[in-house]
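Chemist: Pasting a structure here, questions to come.
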Amino acid sequence: MEIKEHNTNDIRIAEIISDEVLIQDTESALDLLGNVYYQGFDKIILHQENIIPSFFDLKTKIAGDILQKFAQYRMPIGIIGDFSKYQSNSLKEFIYETNKVGHNYFGGSREGALQHFANTGR
């Protein structure tokens, strides 16, 4: 795992680069969150392929549990990737509502996540 640092508007954003699935459950998400928080980052960008596929099946409740932990610890997360392969209307609505609220972000690119975080501030 590599952490690529981005700075925008005095916000330190950690982009996680890895060839492995890093988030498999709530515990592994908390481990990542703690690691990034300990290093002084304010927000996280994580690639879709670094998250267990069942995260995107809302029936498992993994997504809700994990995003709730990030919100509780005030560590916004941007998840980037191609979500068009998921046909679930529930997931599409979840992504829409998540982006509307603004704490966390789902999008297609690093640049989109960085722009979102720059606009939402700390």
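Chemist: Among all residue pairs at least 6 apart or on different chains, which show Cβ distances below 8 Å where the first residue, located in region 24-35, is outside any helix (DSSP H, G or I) and the second is exposed (fewer than 15 other Cβ atoms within 10 Å of the Cβ)?
Modeler: Cβ pairs passing all conditions: none.
Chemist: Here is a follow-up. Could you count how many residues in region 55-85 are of a type in the set (Gly, Ala, Ser), part of a helix (DSSP H, G or I) and either within 13 Å of the chain's Cα centre (by Cα) or modelled with pLDDT of 95 or more (or both)?
Modeler: Matching residues across region 55-85 total 3.
Chemist: Being open to solvent by 50 Å² or more (accessible area, probe 1.4 Å) and hydrophobic (A, V, I, L, M, F, W, C) is true for just one of 67, 58. Which residue is that?
Modeler: 58
Chemist: What is the residue count in region 70-87 for residues that are touching a residue at least 24 places away in the same chain (Cβ under 8 Å) and either in contact with a Cys (Cβ under 8 Å, 6 or more places away or on another chain) or exposed (fewer than 14 other Cβ atoms within 10 Å of the Cβ) (or both)?
Modeler: 2
Chemist: Tell me which residues, restricted to region 91-122, are open to solvent by less than 30 Å² (accessible area, probe 1.4 Å), at pLDDT below 95, not small (Gly, Ala, Ser) and not in a helix (DSSP H, G or I).
Modeler: Within region 91-122, 104 is the sole residue that qualifies.
Chemist: Looking only at region 41-59, how many residues end up being free of Cβ contacts under 8 Å to residues at least 60 places away in the same chain and under 20 Å from residue 110 (Cβ atoms)?
Modeler: Of the residues in that region, 10 qualify.
Chemist: Against the condition farther than 16 Å from residue 121 by Cα and open to solvent by 30 Å² or more (accessible area, probe 1.4 Å), how does residue 33 come out, does it pass?
Modeler: It is false that residue 33 is farther than 16 Å from residue 121 by Cα and open to solvent by 30 Å² or more (accessible area, probe 1.4 Å).
The values are calculated or read from the model by the stated rules, or taken from the named source; none is laboratory data. Bear in mind that the values here come from a model prediction, so they are computed numbers and not experimental data. Cβ atoms come from the backbone with ideal geometry, glycine included; neighbour counts cover every protein chain shown. Surface areas here come from the heavy atoms of the whole protein model, side chains and all, with no ligands, DNA or RNA. Shrake-Rupley method; radii C 1.70, N 1.55, O 1.52, S 1.80 Å.
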